[in-house]
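Here the structure is laid out as structure tokens; the discussion comes afterwards.
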Amino acid sequence: MLRKYARKGLLVLTVVDVNVDDVIVALFEVRLLLHLMRTRRMWRSTGKLLFVRKVNRRSMKVYGRPATSWLRYAKNLDNDWVNKSVALVKRFMARGHAVVIEDLDPERLREKLRSKDPEKAYIFNTWPVAKILRRTRAVAERAGNFWWSRRTTPARYALSS
């Protein structure tokens, strides 16, 4: 189905790249060559997360218990980032025919990205990649757009002529 669009020069792809500190969304027009139409980046405030971690560790030392309000603040930071990223994907999807999501496996990534640096380890552990992928996929399906990644290509959306 997608090849048929590509042959006619009508295929517009929304490409989503999820990184630790940002989400990049791009709009490509596929003809004989790829034409980048637009791109946007949604940053994640990792500095604030590290500040919350310092405050929480100090609270654990002084009071012997976690500062729940700071932990809630950190969770809200990540939820805000996820919501803004998915909203950006929605805006780009309105102009495209298909959504292409990077092939990521959150469990394998966490194992792979273990770090000896405690700050980096904290940033990797609080990375809500699964939530972003799940919500992006749900939004694409609800909008009726094709979506795929290499790992999770449904049979009905497979590239066939």
Normalised contact order of region 40-111, rounded percent, pairs of Cα under 8 Å and 6 or more residues apart: 28 percent
Amide H neighbours of GLY96 under 5 Å, counting only residues 5+ apart in sequence or on other chains, H built in-plane at 1.01 Å? none
What translational diffusion coefficient, in µm²/s and rounded to a whole number, does the Stokes-Einstein relation yield for region 99-139 at 10 °C and a viscosity of 1.306 mPa s, taking the hydrodynamic radius as the Kirkwood radius over Cα pairs? 141 µm²/s
Please give the peptides 131-138, 61-68 ranked by average Cβ packing (other Cβ atoms within 10 Å per residue), highest first, as a rough proxy for protection. 131-138, 61-68
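Throughout, read-outs are computed from the coordinates displayed, never taken from laboratory work. All of these numbers come straight from a predicted model, not from anything done at the bench. Cβ atoms come from the backbone with ideal geometry, glycine included; neighbour counts cover every protein chain shown.
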